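Following: one structure in structure tokens, then a few remarks.
The values are calculated or read from the model by the stated rules, or taken from the named source; none is laboratory data. This one's a predicted model, so the numbers in the text were calculated from it and none came from an experiment. Ideal geometry is used to build each Cβ from the backbone, glycine not excepted, and the neighbour counts take in all protein chains shown. Heavy atoms of the whole protein, side chains included, go into the accessibility calculation; ligands, DNA and RNA do not. Shrake-Rupley method; radii C 1.70, N 1.55, O 1.52, S 1.80 Å.
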Amino acid sequence: MTTELTLLAWTIVLAIVYIIAFDVVRTGQYGTKWNMGPRDAAMPPLSPVAERLGRAQANLFETLPLFIGAVLIAHAAGIHTPRTVLGAELYFWGRVIYLPLYAFGVPVVRSLVWLVSVAGLALILIAVL
């Protein structure tokens with residue numbers, strides 16, 4: 001398995017971490033009964049940390065399909081270069097770093113880290129186009 005596919009697999013594991021992080025904080029606020037119920041009742045607004053974790057998850061899910069597609073296209077085309085490896089590494093590690101930065105409300109640096117992950121995605125796309 002190529003480095004890019006390995007990083008893709010780990011990125012999917014990371015997506016599960018994003019989901020769990022948001023769910024743990026949200027359930028901590030609303031309670032297990034709410035989590036296991038139909039969730040029909042109106043609830044008070046989420047805490048700032050829960051809101052940030054939810055936005056971080058949504059943000060990952062905006063680019064994750066693009067990353068999956070780019071890596072799979074590169075693999076199917078037999079394109080495995082230092083550029084595609086670097087792109088996958090930048091995307092993965094950028095997304096690893098992004099979650100705690102967003103959770104703790106770190107401005108500017110969080111956006112720069114996001115740009116690094118998108119640059120990684122762009123590197124893969126440049127290699128396949």
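Here are the numbers for this structure:
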item	result
Test for Leu60: is it surrounded by 15 or more Cβ atoms within 10 Å (Cβ to Cβ) and under 12 Å from the mean Cα position of the chain (by Cα)	yes
Of all residues making up region 97-110, the number that are open to solvent by 50 Å² or more (accessible area, probe 1.4 Å) and under 26 Å from Val24 (Cβ atoms)	6
Hits in region 73-96 - residues which are open to solvent by 80 Å² or more (accessible area, probe 1.4 Å) and closer than 20 Å to Ala21 by Cβ	Trp93
Scan of region 35-55 for residues that are in contact with a Lys or Arg (Cβ under 9 Å, 6 or more places away or on another chain) and surrounded by 14 or more Cβ atoms within 10 Å (Cβ to Cβ), ordered by number	Leu46, Ala50, Leu53, Gly54
Subset of region 14-68 [among the charged types (D, E, K, R) and within 30 Å of Gly87 (Cα to Cα)]	Asp23, Glu51, Arg52, Arg55, Glu62
